[in-house]
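Novice: Here it is, the structure, as structure tokens.
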Amino acid sequence: MSMAHKLRNGVLPVVLLGALTVAGLWQTGRGDEPSGNAAAPPPQPGVDPFPEASRVSVAEARRHARVLHSTLHATLQLVHHRYFREDEGMPIPAAVMNQVFAEIEAGQPVRVRWLVVEGQAMNTDHLPQDAFEREAVAALEAGEPAFEQIEAGVFRWAGPITLTNACLKCHVPDRKSTENRTAGLLISMPVLPE
């Protein structure tokens, strides 16, 4: 079976979920199968999307965010550079990763999404949506390794995603150089009161 066939038929999300299991972020042994959801339902205004029992300390949330960011960033880079070929008509890896985000959100008290930092938005859902996200964009543009905030019992963390030359064809089509640019990954999870 060719790699293109495997990617088209959903092997990639299963491999990614396996990597997250190894990283200790995906609960196993519950008898659950991946849901196949294209996207997790949006949070309802005024409704806490995170059950009280799922809250962790800020230190644990920070550690989980760093591990999750590292895992997802490495996976995106590897898949994009080793398996994605524009001319094969496959979905772009970042779009496939959205399915992985939905699977994570279906089984874990965490929310994950892309954030436009430099370059064009490939999806308007990736534009900054509030003051925290606008501040995160400024911090990541300035080269900060991460940006975080705790508000209303939710730890929000933004980390950089490297846009290499292969990414720039779409994200920065009118570029004058091939130097790497930055995108962002937003991770949110409930925390215990300090």
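Novice: Here are GLU141, GLU86, GLU135, GLU151: which of them is open to solvent by 70 Å² or more (accessible area, probe 1.4 Å), among the acidic types (Asp, Glu) and at pLDDT below 85?
Specialist: Details: GLU141 fails: at pLDDT below 85; GLU135 fails: at pLDDT below 85; GLU151 fails: at pLDDT below 85.
After applying the criteria, what remains is GLU86.
Novice: Do the conditions hold for GLN27, that is, is it at pLDDT below 75 and either out of contact with any Leu (no Cβ under 6 Å at 6 or more places or on another chain) or crowded, with 18+ Cβ neighbours inside 10 Å (or both)? Before you say what the answer is, go through the steps one by one.
Specialist: Values: at pLDDT below 75: yes; either out of contact with any Leu (no Cβ under 6 Å at 6 or more places or on another chain) or crowded, with 18+ Cβ neighbours inside 10 Å (or both): yes.
Yes: the conditions hold for GLN27.
Novice: Continuing with the same structure: It is to be established whether one or more residues within region 96-109 are buried (at least 18 other Cβ atoms within 10 Å of the Cβ), modelled with pLDDT under 85 and not acidic (Asp, Glu).
Specialist: Yes.
Novice: Is it true that some residue in region 110-119 is open to solvent by 30 Å² or more (accessible area, probe 1.4 Å) and over 18 Å from ASN180 (Cα atoms)? Give the derivation first.
Specialist: Filtering region 110-119 for residues open to solvent by 30 Å² or more (accessible area, probe 1.4 Å) gives 111, 113, 118-119.
Checking which are over 18 Å from ASN180 (Cα atoms) leaves us with 111, 113.
Yes, region 110-119 has at least one match.
Novice: Does PRO109 satisfy the condition of being part of a strand (DSSP E or B), in contact with a strand residue (DSSP E or B) (Cβ under 9 Å, 6 or more places away or on another chain) and closer than 19 Å to ARG63 by Cα? Reasoning before the result, please.
Specialist: Numbers: part of a strand (DSSP E or B): no; in contact with a strand residue (DSSP E or B) (Cβ under 9 Å, 6 or more places away or on another chain): yes; closer than 19 Å to ARG63 by Cα: yes.
So PRO109 does not fit the description; no.
Novice: Another question, if that's okay. Could you look through region 166-194, keep only residues that are in a strand (DSSP E or B) and β-branched (Val, Ile, Thr), and pick out the one that is modelled with the lowest pLDDT? Please lay out each step first, then the result.
Specialist: First pass over region 166-194, keeping only residues in a strand (DSSP E or B): 181-191.
Subsequent filtering for residues that are β-branched (Val, Ile, Thr) retains 182, 187, 191.
Numbers: THR182: 86, ILE187: 97, VAL191: 95.
Among those residues, the one meeting the criterion is THR182.
Novice: Also: Would you mind finding the one in LEU76, LEU72, LEU68 that is touching a helix residue (DSSP H, G or I) at 6+ places or on another chain (Cβ under 6 Å), open to solvent by less than 40 Å² (accessible area, probe 1.4 Å) and either of a type outside the set (S, T, N, Q) or not in a loop (DSSP other than H, G, I, E, B) (or both)? Show your work before the answer.
Specialist: Values: LEU72 fails: touching a helix residue (DSSP H, G or I) at 6+ places or on another chain (Cβ under 6 Å); LEU68 fails: touching a helix residue (DSSP H, G or I) at 6+ places or on another chain (Cβ under 6 Å).
Every option except LEU76 fails the conditions.
Novice: Collect the residues in region 138-165 that are within 28 Å of PRO193 (Cβ to Cβ), aliphatic (A, V, I, L, M) and assigned to a loop (DSSP other than H, G, I, E, B), keeping them in residue-number order.
Specialist: Of everything in region 138-165, those that are within 28 Å of PRO193 (Cβ to Cβ), aliphatic (A, V, I, L, M) and assigned to a loop (DSSP other than H, G, I, E, B) turn out to be ALA146, ALA152.
The values are calculated or read from the model by the stated rules, or taken from the named source; none is laboratory data. Just so it is clear, the model here is predicted, and its values are computed rather than measured. Note: ideal-geometry Cβ built from the backbone for every residue, glycine included; neighbour counts use all protein chains shown. Accessible surface is based on the protein model in full, side chains and every heavy atom, while ligands, DNA and RNA are left aside. Shrake-Rupley method; radii C 1.70, N 1.55, O 1.52, S 1.80 Å.
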